[in-house]
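Can you keep this structure in mind? I'll have questions shortly.
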Ligand SMILES: Nc1ncnc2c1ncn2[C@@H]1O[C@H](COP(=O)(O)OP(=O)(O)O)[C@@H](O)[C@H]1O
Ligand SMILES: [Mg+2]
């Protein structure tokens with residue numbers, strides 16, 4: 001499909017995190033000319049990303065945004081190169097991408113919009129004024145500010161960084177005493193969001209849009225909530241990309257998600273929203289990012305619909321269309337394993353053979369850290385000590401299989 005007739009796309013950090021490689025390659029496969037800017041050396045780029053790029057600017061201090069904008073503009077001028085789009089699928093680069101667009105005079109998410117997508121309090125303020133249900137929330141920079149916010153909101157509350165990721169430094173407090181402990185734990189965080197704790201199940205609402213139209217929708221059910229997984233190392237997180245988006249609380253979440261995109265005037269690219277379904281069936285906004293989800297969720301989407309979502313995104317961004325049939329035939333559950341035991345290396349994988357014999361035909365991915373290899377740090381990599389995918393048209397069957405993989409497969413360290 002590469003015919004050189006597509007746009008020229010500047011991709012920020014084109015080879016990191018890992019899934020970005022697929023997105024970068026897809027851009028070139030749909031006919032784009034792709035150039036990259038990142039802080040990895042050329043030698044560190046994944047060969048598939050490197051192979052898709054026609055140019056690459058390495059900057060050690062990529063996150064010094066204003067400096068990076070100057071350097072990129074100079075570099076493009078020197079090469080007499082022009083760019084049609086700037087893309088970034090990684091949360092820390094969303095504002096940088098917007099600043100580059102502003103400098104280069106390009107369409108796409110503006111700096112003001114990017115700040116709203118990055119800042120957990122601003123995004124809720126904008127949504128509040130449009131009547132969208134969000135958790136009651138305040139921003140705070142001092143211990144007293146947090147105490148005051150908690151007193152106004154009422155316990156239980158959540159305290160989390162205003163621009164965090166991966167549930168890092170995120171805590172709940174059920175009363176004054178617990179809040180004091182939380183304050184100690186987040187002392188190093190400059191600014192926090194203090195929020196009403198929303199009881200219920202947690203889901204995503206993810207889309208690919210072009211020109212303000214939604215071309216693809218996905219809802220993924222986190223089991224359990226990411227915060228619970230973060231605070232309990234023994235838990236194997238599962239995330240299920242649902243086949244049916246039209247029933248019960250899921251339909252309410254989809255309606256909420258569509259409204260959020262409309263209010264935030266999202267135009268083109270990937271979005272990743274999180275929301276809560278309360279026991280009464282209400283959908284409550286959690287947060288939204290102007291990027292693809294991490295945690296291998298794009299792969300889950302692929303297995304739920306037998307599609308190539310990376311190519312789908314690239315086509316939407318470059319040509320404004322998504323021509324694949326995105327009908328979901330399956331519920332696709334991702335199961336992430338964390339090694340048990342105190343050892344530094346994996347010594348055994350228990351229980352897998354039995355489940356493979358039973359469910360192998362429904363398991364397109366089994367990618368666990370092998371015995372003899374070092375164990376991974378699940379705080380750094382969502383996949384932890386490996387991941388598996390199990391899929392089935394029937395949700396009950398999918399959950400049964402996923403739960404057994406989560407509880408019966410044991411990756412042992414030491
Ligand atoms: N207001 C809230 N009510 C209930 N749980 C929350 C709330 N805010 C955050 N959480 C929990 O903490 C997790 C991390 O918070 P989130 O806002 O998604 O930040 P991150 O950027 O770290 O993903 C969420 O996935 C959810 O499990
Ligand atoms: Mg989140």
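Every read-out reported here was derived from the displayed coordinates using simple, explicitly stated rules and does not represent laboratory data. Since the structure is predicted, the reported quantities are computational estimates derived from the model, not experimental observations. We place every Cβ from the backbone using ideal geometry, glycine too, and count neighbours over all the protein chains shown.
Pick out which of 392, 272, 79 has the largest mean-square fluctuation in a Gaussian network model of the chain, springs linking Cα atoms closer than 10 Å.
79
Then there is this: So if the hydrodynamic radius of segment 267-414 is defined as the Kirkwood radius over C-alpha pairs, what does Stokes-Einstein give as its diffusion coefficient at 10 °C and 1.306 mPa s, in µm² per second?
92 µm²/s
Running a GNM on the chain with Cα contacts under 10 Å, which residue among 78, 310, 16 ends up with the highest mean-square fluctuation?
78
I would also like to ask the following. Using a basic spin-label model with each label point 7 Å from the Cα along Cα→Cβ, how many nm lie between residue 41 and residue 54?
2.8 nm
A follow-up question, please. At a Förster distance of 30 Å, what's the computed FRET efficiency of residue 247 paired with residue 176, Cβ-Cβ distance as r, to 0.05?
Calculated value: 0.15.
Kindly identify segment 8-111 as rounded, prolate or oblate by the Cα gyration tensor criterion: order the square roots of the eigenvalues as a ≥ b ≥ c, call it rounded if a/c is under 1.5, otherwise compare a/b with b/c, prolate if a/b is larger, else oblate.
Rounded.
Follow-up. What nm value, rounded to one decimal, do you get for the distance between residue 191 and residue 282 when each label is placed 7 Å out toward the C-beta?
Result: 2.8 nm between the two label points.
Compute the distance in nm between two label points, each set 7 Å from the Cα along the Cα-to-Cβ direction, one at residue 70 and one at residue 306.
Placing both labels 7 Å beyond Cα along the Cβ direction yields 5.4 nm.
Residue 106 to residue 323: extension gain in nm, 0.36 nm per residue of separation minus the Cα-Cα distance?
Full extension of this stretch gives 75.6 nm more.
Find how many whole Å separate the alpha carbon centroid of segment 191-239 from the alpha carbon centroid of segment 79-152.
One Cα centre to the other: 18 Å.
Report the full-extension gain for the segment residue 165 to residue 130: residue separation times 0.36 nm, less the Cα-Cα distance, to one decimal in nm.
10.1 nm is the gain from fully extending residue 165 to residue 130.
Please state the shape class of the chain: rounded when a/c is under 1.5, otherwise prolate if a/b exceeds b/c and oblate if not, all from the C-alpha gyration tensor.
rounded
Quick one: length gained pulling residue 356 to residue 61 fully straight, 0.36 nm per residue minus the C-alpha distance?
Contour length minus Cα-Cα distance gives 101.6 nm.
Does segment 136-196 classify as rounded, prolate or oblate by the C-alpha gyration tensor (a ≥ b ≥ c root eigenvalues; a/c under 1.5 gives rounded; else a/b over b/c gives prolate, otherwise oblate)?
In terms of gyration-tensor shape, rounded.
Now a separate question. Using a 7 Å offset from Cα along Cα-Cβ at residue 379, what residues in segment 219-241 end up with backbone N under 17 Å from the label point?
227-235
Could you work out which residue, out of 110, 54, 134, moves most in a Gaussian network model of the chain, that is, has the largest mean-square fluctuation with Cα springs under 10 Å?
54
I've got another one for you. Just report the Cα centroid separation between segment 348-372 and segment 12-45, whole Å.
Comparing the Cα centres of segment 348-372 and segment 12-45, I get a distance of 31 Å.
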